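Engineer: Quick one: the structure is below, questions incoming.
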Amino acid sequence: MASSVEAKRSKLESKGGECKCHGKLPDDRFAKLHDIIEEHKDERGSLIPVLHEAQQLFGCLPEDVQKQVAKGLDVPESEVYGVATFYSLFSLKPKGRWIVNVCLGTACYVKGAADCLEALKKELGVDLGGTSKDGLFTLQGVRCVGACALAPVVVIDDTVYAKVKPEDIKRILAEHVEANAKEAHAS
Ligand code: FES
């Protein structure tokens, strides 16, 4: 990716774009997690709401967080892990600032989604489910997003990119970073 884009990426990161889960988990969030557990621990079926609030607090559900939830709610760690990995709304790994969804539905696949996916993997340096080193992009595959006439489709958060070609990927990512750098600069 062009160096000017790298510079803008760095600027964004210094403005708070880094994932909440990178680095050591600060103790004050564990204190808050303790309060959340205390608030819910006598409720029936409290595990999912507690995990939901924990994920909002930490950005994901790393092992330390799962352990505290298990201890606090007096449930086996395996149960916490099972729930955290069963529901797609939970994530064990930190996600990037933006989610890049490549549609891998039939219409998109026929029109070349696999090549777009390869270009994204190469550009971001990750596999499906991975997050770029700078913490900005998480790459995901999704099934039909309901825009088959625009196939192949790539969606970055709420922005839909239509009829994408592999050679467009670099530009699309750069534009997304640039547009958000401008917003960050304006605010
Ligand atoms: S298959 Fe991709 S939008 Fe329908």
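The values are calculated or read from the model by the stated rules, or taken from the named source; none is laboratory data. This structure is a prediction, so every number in the text was calculated from the model and none was measured. Because the Cβ atoms are built from the backbone with ideal geometry, glycine has one as well, and the counts that use them run over all protein chains shown. Heads up: the accessible areas ignore ligands, DNA and RNA and are worked out on the full protein's heavy atoms, side chains in. Shrake-Rupley method; radii C 1.70, N 1.55, O 1.52, S 1.80 Å.
Engineer: Could you calculate the contour length gain from Arg29 to Ile48, that is, 0.36 nm times the residue separation minus the distance between their Cα atoms, to one decimal place in nm? Provide the component values of the computation, followed by the final result.
Structural biologist: Values: separation 19, 0.36 × 19 = 6.84 nm, distance 1.83 nm.
That pair, Arg29 and Ile48, stretches by 5.0 nm at full extension.
Engineer: Right, next: Determine the gain in length on full extension of the stretch Ala179-Lys122; use 0.36 nm per residue of separation and subtract their C-alpha separation, reporting nm with one decimal. Can you show the working numbers first?
Structural biologist: Details: separation 57, 0.36 × 57 = 20.52 nm, distance 2.20 nm.
Computed gain between Ala179 and Lys122 is 18.3 nm.
Engineer: Still on this model: Using 7 Å Cα-to-Cβ label points, what is the Lys71/Leu89 separation (nm, one decimal)?
Structural biologist: Once both label points are built, they end up 2.7 nm from each other.
Engineer: If contacts are Cα pairs under 8 angstrom and at least 6 residues apart, what is the relative contact order of region 95-186 in percent?
Structural biologist: Taking the mean separation of contacting Cα pairs over the length of region 95-186, I get 35 percent.
Engineer: Let me ask you something else. For region 95-186, what proportion of DSSP beta bridges, expressed in % and rounded to the nearest 5, is antiparallel?
Structural biologist: Given both bridge residues lie in region 95-186, the antiparallel proportion sits at roughly 55 percent.
Engineer: Normalized C-alpha radius of gyration of region 23-86, against 2.2 N^0.38 Å?
Structural biologist: For region 23-86, the normalised Cα radius of gyration is 0.99.
Engineer: Could you tell me what percent of the accessible area of region 75-137 is made up of carbon and sulfur, with a 1.4 Å probe and every protein chain present?
Structural biologist: Details: 1870 of 3380 Å².
Carbon with sulfur: 56 percent of the solvent-accessible area.
Engineer: Oh, and also: Grab the Cα-Cα distance for Lys133 and Glu39, subtract it from 0.36 nm times how many residues apart they are, and report the gain in nm with one decimal.
Structural biologist: The Lys133-Glu39 span can extend by a further 30.2 nm.
Engineer: Using a Förster distance of 30 Å, how high is the FRET efficiency between Ala149 and Tyr81, based on the Cβ-Cβ distance and rounded to 0.05?
Structural biologist: According to the calculation, E is roughly 0.15.
Engineer: Then there's this: Cβ neighbours within 10 Å, averaged per peptide: list 120-130, 40-50 in order, most packed at the top.
Structural biologist: 120-130, 40-50
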